[in-house]
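Written below as structure tokens is the structure these notes are about.
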Amino acid sequence: MFGLIKSFRRKVHGIVPATPLTETRFVALDTELTGLDEKRDSIVSIGAVRMTGGKIDIGNSYYQLIKPETALSAESVVIHEITPSDVAAKPPIETVFAGFIDFIGTDVLLGHFIMIDLEFIDRDMKRIVGHKTPNPALDTYSIYEWLAGRMPDYKCFAEKPARPTLYHMAKCFGIPVSGAHNAMMDAYTTALLFQRFLPLLSEAGVENIGDLLRIGKPFTGCGRFRVSGEFSNF
């Protein structure tokens with residue numbers, strides 16, 4: 001496993017900034033959690049789906065329920081509907097990570113407020129394999145904000161969703177969503193949202209992964225949404 005990790009790290013550092021977005025491989029991902037405190041809470045499921053440019057490969061996906069290291073709270077069960085009995089016999093995060101690392105490979109990671117997911121993934125990865133996730137990452141919220149500053153008259157930028165959650169943004173862009181959170185479905189919804197952004201990015205002159213990584217850096221102000229209660233998809 002550790003041999004895999006070393007070669008994985010070397011390959012990630014070889015991403016070519018000039019690679020066109022149409023040729024770039026992405027993994028849209030989402031986690032469900034026992035709560036939002038990265039010091040006390042833990043991952044209960046991971047969902048991911050691969051994309052090449054704007055093409056979503058729905059048949060190339062990853063989903064795993066995980067026996068969490070901390071107890072599921074009543075609040076979290078209401079949100080993601082994963083109960084203690086659902087995960088009692090599931091593998092721990094230490095067992096899951098090998099398959100997850102193999103799935104994401106050297107691809108660019110994509111998520112909505114992805115810093116939340118990375119806080120938990122990186123904490124466990126550093127503990128288990130000795131380093132954080134080396135893949136570059138993009139935040140659909142950061143991309144949305146960048147586009148909104150350049151296309152203020154576009155409907156979903158002129159009439160910003162009342163809350164910045166994935167579901168509210170997806171609805172604005174005409175993406176159907178269900179009520180309950182599920183890591184696999186949220187990863188797929190994130191991929192669909194990013195798919196909607198791609199023609200707008202092209203119109204704004206963003207054509208390669210180097211440019212997109214500069215404007216789509218993971219949003220680091222997630223704490224204020226935690227406090228305000230506007231970020232609830234754990």
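The values are calculated or read from the model by the stated rules, or taken from the named source; none is laboratory data. Quick caveat, the model's predicted, so the values are computed rather than measured. Every residue, glycine as well, gets a Cβ built from its backbone with ideal geometry; the counts of neighbours run over all protein chains shown.
Numbers for the structure displayed
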{"read-out": "Flag for residue 140 being surrounded by fewer than 22 Cβ atoms within 10 Å (Cβ to Cβ) and of a type in the set (Ser, Thr, Tyr)", "value": "no"}
{"read-out": "Selection from the range 26-55 of residues that are outside any loop (DSSP other than H, G, I, E, B) and surrounded by fewer than 20 Cβ atoms within 10 Å (Cβ to Cβ)", "value": "52, 55"}
{"read-out": "Out of 170, 148, sole residue that is surrounded by 21 or more Cβ atoms within 10 Å (Cβ to Cβ) and free of Cβ contacts under 8 Å to residues at least 24 places away in the same chain", "value": "170"}
{"read-out": "Pick from the range 196-223, criterion outside any loop (DSSP other than H, G, I, E, B) and β-branched (Val, Ile, Thr), ranking: farthest from residue 18 (Cα to Cα)", "value": "215"}
{"read-out": "Matching option when the condition is modelled with pLDDT under 90 and among the hydrophobic types (A, V, I, L, M, F, W, C), among 162, 170, 158", "value": "162"}
{"read-out": "The range 179-195, residues that are part of a helix (DSSP H, G or I), crowded, with 18+ Cβ neighbours inside 10 Å and not aliphatic (A, V, I, L, M)", "value": "186, 188, 189, 190, 194"}
{"read-out": "Residue 86 being free of Cβ contacts under 8 Å to residues at least 12 places away in the same chain and more than 20 Å from residue 25 (Cα to Cα)", "value": "no"}
{"read-out": "Exclusive hit being modelled with pLDDT of 95 or more, in contact with a Leu (Cβ under 8 Å, 6 or more places away or on another chain) and on the phi < 0 side of the Ramachandran plot, set 199, 218", "value": "218"}
